[in-house]
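The values are calculated or read from the model by the stated rules, or taken from the named source; none is laboratory data. Because the structure is predicted, anything quoted here is derived from the model rather than measured. Reconstructed Cβ throughout: ideal geometry from the backbone, glycine too, with neighbour counts over all protein chains shown. Keep in mind that these areas ignore ligands, DNA and RNA; they rest on the heavy atoms of the full protein, side chains included. Shrake-Rupley method; radii C 1.70, N 1.55, O 1.52, S 1.80 Å.
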Amino acid sequence: MNVSETALPEPGPEPAPAVHEPHADAAPPANSIGEARTIFDYLGLPFYHRHAPSPGSRRAMIWGVFGLLLIFFFLHAVYMPSEKGSFLYAIRNSSLFGGGVGFLTIEDGCRTMFSELVVFAIVFTCILAPLFAAYSFSSERVTGTLEFLRLSPMPTVGIVLGKLFAPSVAIHALGLLLLALALPLGLIGGVPAGSVFLSMAMVLLSAVTVSAVGGLLASSTVSFRGFGAVGGLLALGFMLHMLPFACLEERSLAFGMYLSPWSAMDIEVWKEFHSSRRYVGRDPLWFGSKSLALLYPFLFHGTASGLLIWAAARRLDRPDQTALPRLGWLIGWGLVTLTAIGLLWNDTSYGPAPLGQARQMQYLASSAVLFWGAAGILALMILDHPFDHDLALTEACERLSGGAVDGSRPRRRLGHALTVAGMVLLTGGLLVYLLAGYLKAQRLAAVPWSLMFALLALAIVVSLLVVTVLEANAVRFRGLGPRLFAGWLALAILGAILIAATVDFEKSHRAFRYCMSIRLAELQLPRHGTGNPAASSNQRRQVDRQLSYARQYMDYEFYTQGLDTMEQVLEKRGAYDEEPLKFFLDYHPSSALRYPFFFVLFVAALLFWRHWVYRRVEREARRALESFA
C-alpha cells in the first residue's frame, strides 16, 4: 500500500485559549500605546537614564568640580579682610600672590563671589548646555536613530524635552550647584533678597528658552551634519542675551532688561553698587506698574519656550504642515501686541520735559515694538507656509487619476494665508490708532486718515501677494536658495514701485506746501509795511528769491493758479493737508493712475507665475501617470 495514499485523520478543532478576567484592582500596563499618558511621559525621563554618565565619569566630574570650587573659595578667602600677621594675610603678601589690595569688607567679597558664580552659571546653563543639547539632537537626526525613538510609546513632546535637557544634564546640574552656592553669598553681601531670586530665576528661564530655540533648529535642519543648528543657535542665542541691553537707554522699554540674565543682573544687582547716570530714574514699568514689569519675563519666557517646544514636536510629527497651528501663531502675535499696548501706560517724562513730548514717546515706542514684533511674527508665518513640490505633485496625481483627494490640504493653506492677512489687518489698525495718537500729541489739527487707511489696505494686499509668491516658489523650486532669490526679486520689484510712488507723492506734496507758503508771503507783503524802507526792501528781495526758486523748480504757477486772496490759499492748503491723496489725484492724475497700473501689472505677473507653476506640475503629473499606465 502506498504511503502517500494512506488516509490520515483530520485534525480536530483547537481548544480555545483560556481567558483570565483581569482583577478589578489590577493596574493597566505601563506605557501601553493608546492608554492615557501621565505628566511623566511628557518629560522624557528615559533619556536621562540613556545619557547618564558612567560611574567612573560621574566620580571624576564630582571630584573635579569639588576641587575647582575649593580653589575658587580659597583664592577669594585670601583677599578677604584679615588681621596683620594672620595666616591669610601672610599668604596674600607672599611671593606667590605678591600682596595687593583685598576686599574692603566681607560683604564686598561675598557680593563679588555671588556675581562671579552667577556669571559662571549663565555660561554653563544658558550657553554651553543648549549648544551641546542642540548638537546631540541634530546628531540623532543625522544618524537616523531619532526615527527609532519615535516608534516608542513616548509622545513626541517627551522626546523633544528629553533631548533638550538629558544630554546636558550634568552641565545643568553644575549650573544649579553654582546658583545654590551663590544664594547665601548674595544675601550675606547685602544684595536684596528679591534681586537675588529674580536674577537666578532669569538664568533658569533663559536656559529653557535658549534650549527650546536649539530644539526647534535641530528639528528643522540637519545641514552641515548637525552643526547648522549649532551655528544658528549661536547667532540667535547671542541676540537673545545681548538685545535686551538696548532697552536700558529707553525709559519706556526698561522692563525688557529682565529678558536676559546678563541685563537682569545689570539692573537688579550691579546698579545697586555702581553709581552711573544711566540708572537714574530707570525703574522698569509695564502697564505703569513695576510688579507687572517683574512678571513680564515669566510671561515672555514661558510663552516663547512653550511655543518653541510645540513647534519642534510638530516639525517631527508633521513635517508637511506648519510648525505651529493658527492658535500658536495667534498666541505669539498676542504676546507682541500685549507688550506694545503695555507701553502706553509707562511714564516716560524726563524732569522739565513737557507732557505732550512724553506722550509722543509712548506712542512712538509702542508703535516701534508693535511694528517690528508683528513683522517678525508675520515673516515667520509666511516662511512657514505648508507646501512644496512633492505635495503639489501628489495632489495633482490624485486629482487626475480620480482618486480620493484630501480636501483639508487646500483649506489649511487658505486658512494659513487668511490668518496672515487677518493679523496684518489687526496690526495695521493698531498702528493707525497709535499714529493718530502720536499726531494728536503733537497737537496737529489734521490727521490724514485717508492716507492711513490706504496704507492699511496696501499692507493687506501685499501680505496676500507675498503668501502667493512664496507658495509658487515652494512648488517650483526645490532648493532654498532659488526660493529665496525669487521671493526677494518679487519683493524688490514691489518695493521699487512703492518707493517710487512714495517719493513722487511726498515730493509733490512738499512742493505744494512750499508754494502755498510763498504765495501767502507774497500776498502779505503789500499789507504789512514795516515803515522802514530798508527792511521792506530786504523782505521784498527775500520773497523774490523764493518766488524765483519756486517758479524754476516747483511749478509755482500751476499750484497757485486762481488763488488771489489769503483766504483762498489757507482754505486750499487746509483741505489738502487733511486729504493728501485727494491733492495727488487733483494735481497729478497721470501719476496717480500710473503707479496703480504698475501695481496691477505686478499682481497680474504674480498670478500668471502661480498659474504657470501649477500648470507645469499638472503636466508633470500627467507624464507620471502615462508612464505607469
Evaluated at q = 0.24, 0.31 Å⁻¹: base-10 log I(q)/I(0), Debye formula over Cα of the range 547-597: -1.03, -1.12
How large is the translational diffusion coefficient of the range 209-267 in µm² per second when you combine the Kirkwood radius over alpha carbon pairs with Stokes-Einstein at 25 °C and 0.890 mPa s? 197 µm²/s
Where in the range 191-209 does the label zone of T303 land, with the point 7 angstrom along Cα→C-beta and an amide N cut-off under 16 Å? 209
Between V123 and W270, with labels modelled 7 Å along Cα→Cβ, what's the label distance in nm to one decimal, could you check? 1.5 nm
Hydrodynamic radius by Kirkwood, which averages 1/r over all alpha carbon pairs of the range 144-225, in angstrom: 15.2 Å
Karplus-derived HN-Hα couplings along the range 212-228 (A = 6.51, B = -1.76, C = 1.60, θ = phi - 60°), whole Hz, x at Gly and Pro: 5, 4, x, x, 5, 5, 5, 7, 9, 9, 10, 5, 6, 6, x, 7, x
If the chain between A436 and L104 were fully stretched, how many nm would it gain, using 0.36 nm times the residue separation less the Cα-Cα distance? 113.9 nm
Average the reciprocal distances over every distinct pair of alpha-carbons in the range 173-297, invert the result, and give the Kirkwood radius in Å. 16.0 Å
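Suppose R0 equals 41 Å. What FRET efficiency, 1/(1 + (r/R0)^6) with r the Cβ-Cβ distance, do L75 and D283 give to the nearest 0.05?
Taking R0 as 41 Å, the efficiency between L75 and D283 is 0.65.
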What lysines could a cross-link reach from K290, if we take a straight Cα to Cα line under 18 Å and drop same-chain neighbours fewer than 8 places away? K271
Just how large is the dipole of the range 557-598 about the Cα centre, in debye to the nearest 20, putting +1 at every Lys and Arg Cβ and -1 at every Asp and Glu Cβ? 280 debye
Euclidean distance of C-alpha centroids, the range 613-629 and the range 140-211, integer Å: 51 Å
Which length gain, in nm to one decimal place, applies between E579 and E250 when the Cα-Cα distance is subtracted from 0.36 nm times their residue separation? 115.0 nm
Label point distance in nm, A457-F224, each placed 7 Å from Cα along Cα→Cβ: 4.7 nm
A correct Kirkwood calculation over the Cα atoms of the range 38-156 returns a hydrodynamic radius in Å of 18.7 Å
Residue order for I122, I460 - accessible surface, 1.4 angstrom probe, largest first: I460, I122
Given the whole protein assembly as supplied and a 1.4 Å probe, what does the accessible area of Y438 come to in Å², nearest 10? 50 Å²
Distance (nanometres) between label positions extended 7 Å along Cα→Cβ at A500 and L88: 7.6 nm
With all protein chains in place and a 1.4 Å probe, M61 shows an accessible area in Å² (nearest 10) of 80 Å²
Most packed first (mean Cβ within 10 Å per residue), the peptides 314-320, 127-133, 85-91 order as 127-133, 314-320, 85-91
When every protein chain stays in place and a 1.4 Å probe is rolled, K440, K163, K582 sorted by accessible area with the largest first are K440, K582, K163
Once F103, F137 are ranked on solvent-accessible area with the largest value leading and a 1.4 Å probe, the list reads F103, F137
Put +1 on the Cβ of each Lys and Arg and -1 on the Cβ of each Asp and Glu in the range 98-203; which of T105, F124, V196 then has its Cα farthest toward the positive end of the dipole? F124
Report the full-extension gain for the segment K290 to S591: residue separation times 0.36 nm, less the Cα-Cα distance, to one decimal in nm. 103.2 nm
Between R399 and Y553, how high is the FRET efficiency from 1/(1 + (r/R0)^6) when r is the Cβ-Cβ distance and R₀ = 56 Å? Nearest 0.05. 0.35
D for the range 481-521, whole µm²/s, Stokes-Einstein with Kirkwood Rh over alpha-carbon pairs at 20 °C and 1.002 mPa s: what number? 172 µm²/s
Give me a comma-separated list of calculated 3J(HN,Hα) values for the range 287-303, in order, Karplus coefficients 6.51, -1.76, 1.60 applied at θ = phi - 60°, integers in Hz, x for any Gly or Pro. 6, x, 10, 6, 5, 5, 5, 6, 7, 4, x, 5, 5, 5, 5, x, 5
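With a 1.4 Å probe and all protein chains left in place, how much accessible area per residue does the range 188-341 have, in Å²?
Computed with neighbouring chains in place, this is 42 Å² per residue.
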